[in-house]
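K.L.:
Would you mind keeping the following structure in view while I ask a few things?
The values are calculated or read from the model by the stated rules, or taken from the named source; none is laboratory data. Fair warning: this is a prediction, and the values are worked out from it, not measured in the lab. In this analysis, Cβ positions are derived from the backbone assuming ideal geometry, glycine residues included, and neighbour counts consider all displayed protein chains. Note: accessible area is taken over every heavy atom of the protein model, side chains too, but ligands, DNA and RNA are not part of it. Shrake-Rupley method; radii C 1.70, N 1.55, O 1.52, S 1.80 Å.
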Amino acid sequence: MDMNKKIPFLDLRITDERERKKLLKLIEKIFYHGRIVLGPEVEAIEKRIADYCGRKYGIGINSGTNALYLCLRSFGIGHGDEVITTSLSWIATANVIALTGATPVFADIQDNLNIDPDSVKKLITSRTRAILPVHYTGTMCCMPKLIQIAKENDLILIEDAAQAFGATLNDIKAGAFSDAACFSMNPMKVLAACGEAGIVVTDRSDIYKKLISLRYNGTMNKEKCIEPSINGRLDTLQAAILLHRINGIETIINKRRQIASLYNNLLQGIVTTPMENKDGRSVYYTYTIQANNRDELKKYLENNGVETKIQHPILMPDQMPYKSNPRDDLTNARRLIKRILCIPANEKLTLNDIKYIASIIKKFYHG
Ligand SMILES: *Cc1c(COP(=O)(O)O)cnc(C)c1O
């Protein structure tokens, strides 16, 4: 045991001198031009992200949660509607559905932790309006099947792509498979701001126009209010930081994939390693293993200086507000939630860190 070893799950400090100076310069530029609210950087990042995903429009929103909420609202989803989503995600995914007045309905998951299309099919009723899949951990859902289900049942398909910026399936980017898709760019995400940030991407001009109004208190031409909404505008400072960071996004993704590939080799046969799609690219927002005796393993890692996280310890349908919501039987979700563990996989890790973490896991199982 190495008593001095301390590997944090994430380290959000900006320690690189050049990077810090660059970011400060970008912020200073905004202080000079003074367009602090919806400045030119917001429009520029909207265009950059839309282009990156292969979509026509991007609408910058002040968080991933609000992007999802306003996106659902822009399709008129609300009271009396049901929206089918996964049972394993950050609780924001269920909350945004409930906040529109609609009912979240919870599907089971597949072994790769993503929504199971067969479970979705079982849950469709006459009230179902939309499907909201999550590309969990940065691995794409089975989109061809979900697209077909949406088509056959005349349902809106919205991607919660918060964890999957840059992920692909058949060379198509996350965010390009649906009527509209939402990203979070909070500091923990793959493309990260230095504060809260989100975006909706879509090809539909009506949805674009609606979102421009919804993100500013439901107003038109600044003052005329047509429906109640929130202030969801994206901050110009965050937009400037994102514009800089998106230039390096492929480097970031490659680094994450390198780390994942090292772990895959070191942990093979010891725990279940993440399942990448055959025709897809995962971006490893988290590197989530499936492990026997998960809780003991977590403690053992902690005692050896390695911080890990369980994302998430409670299924959304088991959270207090959703205990009586409709759901499938969730056999797989209930089995997997006891086994999942996210180990450190951020870009600051060294090769030695990775080898050390893998060796501790190996020691836990094999002595
Ligand atoms: C991060 C996240 C969100 C919410 O994004 P915020 O920017 O933190 O509001 C929503 N859904 C999923 C799957 C997420 O991981």
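K.L.:
Take residues that are within 11 Å of the ligand (Cβ to nearest atom) and tell me which of the helices (runs of 4 or more DSSP H) falling wholly in the stretch 92-160 contain 2 or more. Walk me through it before giving the result.
P.N.:
Details: elements: 92-99, 117-123, 143-152.
The helices (runs of 4 or more DSSP H) meeting that bar are 92-99.
K.L.:
While we're on this one: Checking residue 97 against (1) open to solvent by less than 10 Å² (accessible area, probe 1.4 Å); (2) touching a residue at least 40 places away in the same chain (Cβ under 8 Å): exactly one of these is not met. Which one?
P.N.:
So the condition that residue 97 fails would be (2).
K.L.:
When you check residue 219 against the structure, is it away from the ligand (no atom under 16 Å from the Cβ), crowded, with 20+ Cβ neighbours inside 10 Å, polar (S, T, N, Q) and over 29 Å from residue 143 (Cβ atoms), yes or no?
P.N.:
Details: away from the ligand (no atom under 16 Å from the Cβ): yes; crowded, with 20+ Cβ neighbours inside 10 Å: no; polar (S, T, N, Q): yes; over 29 Å from residue 143 (Cβ atoms): yes.
When the stated conditions are applied, residue 219 does not pass them.
K.L.:
Is it fair to say residue 57 is within 16 Å of the ligand (Cβ to nearest atom), farther than 17 Å from residue 191 by Cα and buried (at least 19 other Cβ atoms within 10 Å of the Cβ)? It would help to see each step written out before you state the result.
P.N.:
On the way: within 16 Å of the ligand (Cβ to nearest atom): no; farther than 17 Å from residue 191 by Cα: yes; buried (at least 19 other Cβ atoms within 10 Å of the Cβ): yes.
No, not satisfied.
K.L.:
Tell me yes or no: at least one residue of the stretch 170-178 is in a loop (DSSP other than H, G, I, E, B) and within 14 Å of the ligand (Cβ to nearest atom).
P.N.:
Yes, there is a match, as at least one residue in the stretch 170-178 is in a loop (DSSP other than H, G, I, E, B) and within 14 Å of the ligand (Cβ to nearest atom).
K.L.:
Condition first: farther than 16 Å from residue 159 by Cβ and surrounded by fewer than 18 Cβ atoms within 10 Å (Cβ to Cβ). Now tell me which residues in the stretch 195-215 satisfy that.
P.N.:
195, 205, 206, 209, 212 - these are the residues of the stretch 195-215 that are farther than 16 Å from residue 159 by Cβ and surrounded by fewer than 18 Cβ atoms within 10 Å (Cβ to Cβ).
K.L.:
If I filter the stretch 70-90 for residues that are under 25 Å from the mean Cα position of the chain (by Cα), within 16 Å of the ligand (Cβ to nearest atom) and among the basic types (Lys, Arg), do I get at least one hit? Don't jump to the end; show me each part of the working.
P.N.:
Taking the stretch 70-90 as the starting set, the residues that turn out to be under 25 Å from the mean Cα position of the chain (by Cα) are 70-78, 81-90.
Still in the list and also within 16 Å of the ligand (Cβ to nearest atom): 70-73, 83-90.
Going one step further and asking which of them are among the basic types (Lys, Arg), we end up with 73.
Looking for residues that are under 25 Å from the mean Cα position of the chain (by Cα), within 16 Å of the ligand (Cβ to nearest atom) and among the basic types (Lys, Arg), one finds at least one in the stretch 70-90, hence yes.
K.L.:
Anything in the stretch 311-343 that is in a loop (DSSP other than H, G, I, E, B) and under 16 Å from residue 116 (Cα atoms)? List them, or say none.
P.N.:
315, 326, 328, 329, 330, 337
K.L.:
Out of (1) open to solvent by less than 40 Å² (accessible area, probe 1.4 Å); (2) in contact with a strand residue (DSSP E or B) (Cβ under 8 Å, 6 or more places away or on another chain); (3) not polar (S, T, N, Q), the odd one out for residue 52 is which?
P.N.:
Here residue 52 clears every test but (1).
K.L.:
Does residue 192 meet the test of being part of a loop (DSSP other than H, G, I, E, B) and open to solvent by 30 Å² or more (accessible area, probe 1.4 Å)? Before the answer, list the steps.
P.N.:
Values: part of a loop (DSSP other than H, G, I, E, B): yes; open to solvent by 30 Å² or more (accessible area, probe 1.4 Å): no.
Here the answer is no, as residue 192 does not meet what is asked.
K.L.:
A follow-up question, please. Filter the stretch 295-339 for residues that are within 19 Å of residue 98 (Cα to Cα), surrounded by 18 or more Cβ atoms within 10 Å (Cβ to Cβ) and out of contact with any helix residue (DSSP H, G or I) (no Cβ under 7 Å at 6 or more places or on another chain) and give the result.
P.N.:
317
K.L.:
Can I ask one more? Go through the stretch 195-216 and report how many residues are part of a strand (DSSP E or B), within 16 Å of the ligand (Cβ to nearest atom) and free of Cβ contacts under 8 Å to residues at least 60 places away in the same chain.
P.N.:
Residues meeting the conditions: 0.
K.L.:
Being within 15 Å of the ligand (Cβ to nearest atom), touching an Asp or Glu at 6+ places or on another chain (Cβ under 9 Å) and either closer than 26 Å to residue 281 by Cβ or among the aliphatic types (A, V, I, L, M) (or both) is the requirement here; does residue 67 meet it? Lay out the reasoning, then the answer.
P.N.:
Working: within 15 Å of the ligand (Cβ to nearest atom): yes; touching an Asp or Glu at 6+ places or on another chain (Cβ under 9 Å): no; either closer than 26 Å to residue 281 by Cβ or among the aliphatic types (A, V, I, L, M) (or both): yes.
So residue 67 does not fit the description; no.
K.L.:
Name the one entry in 221, 186, 247 that is more than 30 Å from residue 122 (Cα to Cα), at pLDDT below 95 and not basic (Lys, Arg). Let's see the steps before the verdict.
P.N.:
Working: 186 fails: at pLDDT below 95; 247 fails: at pLDDT below 95.
The match here is 221.
K.L.:
Exactly one condition in (1) over 26 Å from residue 142 (Cβ atoms); (2) out of contact with any Lys or Arg (no Cβ under 9 Å at 6 or more places or on another chain); (3) at pLDDT 95 or above; (4) outside any helix (DSSP H, G or I) is not met by residue 229; state its number.
P.N.:
Condition not satisfied by residue 229: (2).
K.L.:
Further, regarding this structure: List the helices (runs of 4 or more DSSP H) inside the stretch 1-83, counting only whole elements, that have at least 2 residues being over 22 Å from residue 252 (Cα atoms) and among the polar types (S, T, N, Q).
P.N.:
Fully inside the stretch 1-83 and qualifying: 64-74.
K.L.:
Please count how many residues of the stretch 340-367 are modelled with pLDDT under 95 and out of contact with any helix residue (DSSP H, G or I) (no Cβ under 9 Å at 6 or more places or on another chain).
P.N.:
So the answer is 3.
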